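Engineer: Please read through the structure below; I'll follow up with questions.
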Amino acid sequence: MRDFTSVEFWLILSGAQATLILSLIAFGGGGLGGLLIALARTAPLRWLRVTAAGFIDFFQGTPMLMQLFLVFYGLPVFGFKVNVWVAAAIGLTLHAAAFLGEIWRGGIQAVPRGQTEAAEALGLNYFSRLQCVVLPQAMRLSLAPTIGFLVQLIKGTSLAAIIGFVELSRAAQMVSSITYKPLLAYGLAAACYFAICFPLSRYSARLEARYAIRT
């Protein structure tokens, strides 16, 4: 047992930093994957829609913890050596891609069909319609739930501790075990989570209310 000093304080802050970095990596990679999934879910080709739907069903129908285990223990079976950073990033990126893909699919399908028909009448091809007409409106419609998912993703990074990743909650656990002051350690971790997530949650709610008024 030892006193709670600045060393323990900075350990918790370093965990918060790791949480933010991992969240940004997963959200960025998941955003790219999610866009491809959303486009595949709304594509004219049936096999693309079925494949994307299967991907979404798997990652929405299984716990994130199980997905992290599959990446961390599964990739070495195929000869890929991964550390906890890579495994956590891949697992959370795939998870984010599935959820963002479904969110953005809903946004694409929420764009009034008349907009697409008007673009067709102007002679725009499929990709031009997506780029110039559908996607800008779909992204605006999906912005609030996208930010809401980011909040969930940030909190979900705590599950990466199970494969040895030292993020915010794991750092708090380590500090608690060496100082025997769990209330202080976990209280600081909770304050960090709140400082990160509360502004995003409020911004998401504000965007949702603004869009509701406009519609």
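Engineer: In what sequence, highest mean first, do 45-57, 80-92, 164-176, 128-140 appear when ranked by Cβ atoms within 10 angstrom?
Structural biologist: 164-176, 80-92, 128-140, 45-57
Engineer: Here is a follow-up. Run lengths n ≥ 4 of DSSP H only: what is the helix-derived mean residue ellipticity at 222 nm for the chain, with -39500 (n - 2.57) per run over all residues, to the nearest 500? It would help to have the intermediate numbers written out before the result.
Structural biologist: Working: 9 runs with 170 residues, N = 215.
So the calculated ellipticity at 222 nm is -27000 deg cm²/dmol.
Engineer: Name the residue from 186, 162, 207 whose Cα lies farthest towards the positive end of the charge dipole of segment 156-215, charges +1 on Cβ of Lys and Arg and -1 on Cβ of Asp and Glu.
Structural biologist: 207
Engineer: Two-decimal Rg/Rh of segment 29-83 from alpha-carbon positions, Kirkwood Rh?
Structural biologist: Result for segment 29-83 is an Rg/Rh of 1.07.
Engineer: To continue, here is another question. Sorted by mean Cβ packing within 10 Å, highest first, what order do the peptides 149-158, 60-69 take?
Structural biologist: Packing proxy ranking, top to bottom: 149-158, 60-69.
Engineer: I need 192, 197 ordered by Cβ neighbour count within 10 Å, fewest first.
Structural biologist: 197, 192
Engineer: Only helices at least 20 Å long along their axis, Cα-based, and averaging -1.0 or more on Kyte-Doolittle count here, so list those DSSP H runs from the chain.
Structural biologist: 6-41, 46-61, 84-110, 135-156, 182-214
Engineer: Could you work out the relative contact order of segment 6-214, using alpha carbon pairs under 8 angstrom and six or more residues apart, expressed as a whole percent?
Structural biologist: In percent, rounded to a whole number, it is 30.
Engineer: Would you kindly compute the Cα radius of gyration of the chain and its largest Cα-Cα separation (Dmax), both in Å?
Structural biologist: Using the Cα atoms of the chain, the pair Rg, Dmax is 20.6, 74 Å.
None of the figures in this text is laboratory data; all of them are computed from the coordinates on show. Only a predicted model underlies this, so the values are computations on that prediction, with no experimental measurement involved. Every residue, glycine among them, receives a Cβ derived from its backbone with ideal geometry; neighbour counts consider all protein chains shown.
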